[in-house]
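Visitor: Sending over a structure as C-alpha cells; questions will come in a sec.
The values are calculated or read from the model by the stated rules, or taken from the named source; none is laboratory data. All values reported here derive from a predicted model rather than from experimental measurement. Reconstructed Cβ throughout: ideal geometry from the backbone, glycine too, with neighbour counts over all protein chains shown.
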Amino acid sequence: MLPKTAQNALNDALIHQLEILPNVSVGTVHSPVDPPILPVACSMSFNGPTHGRVEIVASREFTRLLAGKVDGLSDDDAHDKADASMKALVNKVADVLMPHIMNGSASQYRRSQPVLRSVDIECDWPNLAASRETQLFHANGHILAARLIELD
C-alpha cells in the first residue's frame, strides 16, 4: 500500500523540478481544464513491496519547451530532444518521490526506464483528468497531469 503522503510528495516533486528551470512558473489547477494539445504520457514503473507507476502527461509543445529550458536549446534542437527531456523529468521526480514510497527500504525497489506513449484526448483524457489519483498543473500556460498509481 502506498503511503498517504506519496501523492503530496509527487505534487511537490513535480512542482520543484519545474520551478528550478529558468523562467518557468507552475501551480496546481483546481477546476476542469481543456486537455493538452497532442498530449504524451511518460511513465516509470516501480516494484518491490509496493508496485506502481509514476506518470506525467503534457503536450508535445510543453516537451519541446522543457527541452529548451533544460538544455538551453534552440527550437529545432529542442524538438529533437523533447522525448529525452520528458523522460529526464520523470526520472528526477521519481528520484525525489521514491524515498516517500519506500520508507527507507530503497534496496527493495526496482524502477523501469521511463517510457512514452501518446494519449487519446477523447478516450484517455476525461478518465485521467477525473481520477482522484491525478493532479493537474499549469506551467507557463501548459496543462500537465501527474499521477501515482498503485498496481496489484
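Visitor: Return the only residue of Arg111, Arg132, Arg147, Arg117 being within 11 Å of the chain's Cα centre (by Cα) and charged (D, E, K, R).
Guide: None of the others qualify; the one that does is Arg147.
Visitor: Which one is modelled with the lowest pLDDT among residues in segment 125-138 that are closer than 18 Å to Ala94 by Cβ and not polar (S, T, N, Q)?
Guide: Glu133
Visitor: Please go through segment 40-58 and give me each residue that is over 19 Å from Leu128 (Cβ atoms) and β-branched (Val, Ile, Thr), ordered by number.
Guide: Thr50
Visitor: Here's something else I'd like to know. I want to confirm something. Restricting to segment 12-39 and keeping residues that are acidic (Asp, Glu) and surrounded by 12 or more Cβ atoms within 10 Å (Cβ to Cβ), which single residue is farthest from Ala130 (Cα to Cα)?
Guide: Looking at the filtered set, the residue picked out is Glu19.
This table checks each residue for (1) in contact (Cβ under 8 Å) with a residue 40 or more places away in the chain; (2) touching an Asp or Glu at 6+ places or on another chain (Cβ under 7 Å); (3) among the β-branched types (Val, Ile, Thr).
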residue: Met98; (1), (2), (3): yes, no, no
residue: Ser118; (1), (2), (3): yes, no, no
residue: Ile121; (1), (2), (3): yes, no, yes
residue: Leu128; (1), (2), (3): yes, no, no
residue: Gln135; (1), (2), (3): yes, no, no
residue: Ile149; (1), (2), (3): yes, yes, yes
